[in-house]
Amino acid sequence: MATSLYPHARREGFIIQPLDGELILHDGEVTHLLNVTAASVWQLCDGHHSLAEISQELALPEETIVYTLQQLARKQLLQKNADAVLFSKPLTRREFLKKGALVAAAIPVVKTIQLPSPQDIPSNGGVCTCPDCTGVPTTCDGMTPCQVGTCIDGCCQVI
Amino acid sequence: MKPQIWTHHLNFSCYGARIGTRSNDSRALGELQTVFPPHWKLITSLNVDWQYSLHCAPPTRSGRKPFHTLFSNDEQLARNKDFARIVQAFEQDVQLAVAQKARAKVFVHAGVVGWRGRAILIPGRSYTGKSTLVRELVRAGATYYSDEYAVLDERGRVHPFARQLALRDENSVNRKLSFEELGGGIGKHPIPIGTILATKYRARAKWRPRVLTPGLGSLELLANTVTARSGQPIVLEVLTRVAKHATILKSARGEADGFAHQLLQQLA
């Protein structure tokens with residue numbers, strides 16, 4: 001185990017919003033949500049705490065810390081220098097659970113969503129406003145069939 | 001087009017967003033006015049955040065219908081011989097413009113009803129059954145607030161954005177329901193949010209909600225927020241405040257009518 005590792009979280013460029021132990025990291029295009037376990041680990045990733053110290057401070061097994069760091073690194077939430085050590089032998093979620101590293105309700109989770117642009121949020125249920133669109137109000141959002149033509153770039157067009 | 005072509009102007013504000021409309025035809029401008037967003041107020045200032053320009057071409061000598069052209073700021077938004085299509089494109093776009101330019105408000109794509117002094121907020125994209133559920137909740141006794149946007153203020157309250165409810169029939173054609181047809185009361189004042197439903201219609205689905213954490217609830221809201229990418233601190237502050245104080249339930253649901261009664265009973 002890479003106990004000498006001193007992980008360092010990437011903080012620049014984020015709006016950071018703590019929320020009842022969880023942590024939201026918002027960078028303009030994506031938002032990451034760290035659950036309580038992942039947030040606790042991330043906050044101790046200051047370059048001064050070793051992996052062993054984080055484990056000790058949070059009273060969590062080192063496997064849990066490593067698994068959390070792997071998840072954070074995958075989402076590019078750590079400075080890159082930790083990657084080589086962390087991924088020399090990556091743990092899958094299944095292996096992590098098998099190893100018994102799980103303390104009740106302490107599974108670290110990092111959930112990420114791509115933020116929508118205003119155009120991704122159509123009003124009126126995605127009525128096509130394509131300048132060349134013809135016919136009755138038409139929907140073209142990839143879920144319902146385009147009624148008068150073919151869906152091109154989100155617009156229903158007759159070709 | 002040359003600025004002098006715009007002989008008629010009608011500017012308004014809505015939740016602090018200042019929207020300008022102008023045209024070479026006063027009657028056409030009047031048609032646009034019929035679909036201004038809820039709670040608009042006329043302003044005299046020509047200094048606006050968003051400008052719509054509508055050019056109506058005169059009838060051709062051959063008697064053919066001319067094209068009308070609508071611009072959103074400098075971009076052509078719609079060009080059509082059918083004026084109703086132009087109005088429809090304007091209505092859709094102007095709501096989005098208000099949502100982007102509103103001051104001290106965060107617009108989340110969601111249906112909203114009031115129930116016992118608190119709001120039920122149903123965020124979601126189109127085709128998740130929001131409007132149908134809103135209609136059924138109102139029929140079951142809730143107060144109508146919005147079927148399109150939840151307008152959230154800095155205190156985490158939701159304001160009414162009550163436009164005519166837009167429902168799609170089986171052919172996905174939009175139909176508007178007047179307030180009289182809808183029945184029920186219309187919300188007039190901001191109220192705190194009691195419940196957030198992260199739900200989608202699925203045939204024969206059973207409502208088996210799990211309670212989400214405030215963090216997961218914030219993500220559900222962010223994924224439907226018009227200004228999510230704006231980087232404005234108010235967005236996260238407001239959404240997390242709302243999520244912290246509301247109960248957030250996630251589950252698929254079946255038919256809206258039965259579900260609406262069940263939900264309101266549970267929240268009583």
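The values are calculated or read from the model by the stated rules, or taken from the named source; none is laboratory data. Everything numeric here is computed off the predicted structure, so don't read it as measured data. Cβ sites come from the backbone with ideal geometry, for glycine too, and all protein chains shown count toward neighbours. The accessibility values were calculated without ligands, DNA or RNA, using every heavy atom of the protein model including side chains. Shrake-Rupley method; radii C 1.70, N 1.55, O 1.52, S 1.80 Å.
Set side by side, the residues B:Thr132, B:Thr195, B:Thr199 differ, and just one is more than 10 Å from chain A (Cβ to nearest Cβ), part of a helix (DSSP H, G or I), among the β-branched types (Val, Ile, Thr) and in contact (Cβ under 8 Å) with a residue 60 or more places away in the chain, which is B:Thr132.
The residue that is nearest to the other protein chains (Cβ to nearest Cβ), counting only those in segment B:244-262 that are modelled with pLDDT of 95 or more and out of contact with any Asp or Glu (no Cβ under 8 Å at 6 or more places or on another chain), is B:His245. The set of residues in segment B:80-110 that are facing another protein chain (nearest Cβ under 9 Å), modelled with pLDDT under 90 and in contact with a helix residue (DSSP H, G or I) (Cβ under 8 Å, 6 or more places away or on another chain) contains only B:Asn80.
Before we move on, is B:Gln88 touching a Ser or Thr at 6+ places or on another chain (Cβ under 6 Å), part of a helix (DSSP H, G or I) and within 23 Å of B:Tyr144 (Cα to Cα)? It is false that B:Gln88 is touching a Ser or Thr at 6+ places or on another chain (Cβ under 6 Å), part of a helix (DSSP H, G or I) and within 23 Å of B:Tyr144 (Cα to Cα).
So that you can scan it fast, the table gives a plain yes or no per residue for (1) in the same structural domain as B:Leu221 (by TED's automatic domain parsing); (2) open to solvent by 20 Å² or more (accessible area, probe 1.4 Å); (3) modelled with pLDDT of 75 or more:
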| site | (1), (2), (3) |
| --- | --- |
| B:Val112 | yes, no, yes |
| B:Trp115 | yes, yes, yes |
| B:Arg125 | yes, yes, yes |
| B:Thr132 | yes, yes, yes |
| B:Ala142 | yes, no, yes |
| B:Ala150 | yes, no, yes |
| B:Glu154 | yes, yes, yes |
| B:Arg168 | yes, yes, no |
| B:Val173 | yes, yes, no |
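Does segment B:191-236 hold any residues that are open to solvent by 50 Å² or more (accessible area, probe 1.4 Å) and charged (D, E, K, R), and which are they? Let's see the steps before the verdict.
Start the filter on segment B:191-236 by keeping residues that are open to solvent by 50 Å² or more (accessible area, probe 1.4 Å), which leaves B:192, B:200-204, B:206, B:208-211, B:213, B:229-230, B:232-233.
B:Lys200, B:Arg202, B:Arg204, B:Lys206, B:Arg208, B:Arg210, B:Arg229, listed by residue number.
Being within 14 Å of another protein chain (Cβ to nearest Cβ) and on the phi > 0 side of the Ramachandran plot: is that true of B:Asn73 here?
On the way: within 14 Å of another protein chain (Cβ to nearest Cβ): yes; on the phi > 0 side of the Ramachandran plot: yes.
In short, yes.
Picking from residues in segment B:213-243 that are among the small types (Gly, Ala, Ser) and more than 21 Å from the chain's Cα centre (by Cα), the one that is nearest to the other protein chains (Cβ to nearest Cβ) is B:Gly215.
When residues of segment B:26-45 are filtered for being β-branched (Val, Ile, Thr) and free of Cβ contacts under 8 Å to residues at least 40 places away in the same chain, how many remain?
Residues of segment B:26-45 that are β-branched (Val, Ile, Thr), as a first pass: B:34-35, B:43-44.
Still in the list and also free of Cβ contacts under 8 Å to residues at least 40 places away in the same chain: B:43-44.
Selection size over segment B:26-45: 2.
If the condition is being in contact with a helix residue (DSSP H, G or I) (Cβ under 9 Å, 6 or more places away or on another chain) and within 11 Å of chain A (Cβ to nearest Cβ), then segment B:111-128 contributes B:Pro123, B:Gly124, B:Arg125.
Figure legend. Inter-residue proximity from segment A:21-38: first residues facing another protein chain (nearest Cβ under 9 Å), second residues of a type in the set (S, T, N, Q) and assigned to a strand (DSSP E or B), beta-carbon distance below 9 Å, spacing 6+ or different chains. Indicated pairs: A:Leu23/A:Gln17; A:Ile24/A:Gln17; A:Ile24/A:Thr31; A:His26/A:Gln17; A:Glu29/A:Gln114; A:Thr31/A:Thr112; A:Thr31/A:Gln114; A:Leu33/A:Thr112. Filtered by the rule that a residue be open to solvent by 30 Å² or more (accessible area, probe 1.4 Å) and closer than 29 Å to B:Ala17 by Cα, segment B:52-79 gives B:His55, B:Phe71, B:Asn73, B:Asp74, B:Glu75, B:Gln76, B:Arg79.
Being at pLDDT below 85 and either open to solvent by less than 10 Å² (accessible area, probe 1.4 Å) or under 23 Å from B:Arg125 (Cα atoms) (or both) is the filter here; which residues of segment B:180-190 pass it? Quick ask: steps written out before the conclusion?
Residues of segment B:180-190 at pLDDT below 85: B:180-184.
If the condition is that a residue be at pLDDT below 85 and either open to solvent by less than 10 Å² (accessible area, probe 1.4 Å) or under 23 Å from B:Arg125 (Cα atoms) (or both), then B:Leu182 is the only one that fits.
Taking the residues in segment B:23-45 that are out of contact with any strand residue (DSSP E or B) (no Cβ under 7 Å at 6 or more places or on another chain) and assigned to a loop (DSSP other than H, G, I, E, B) as candidates, determine which candidate is nearest to B:Gly187 (Cα to Cα). Filtering first and then ranking leaves B:Pro38.
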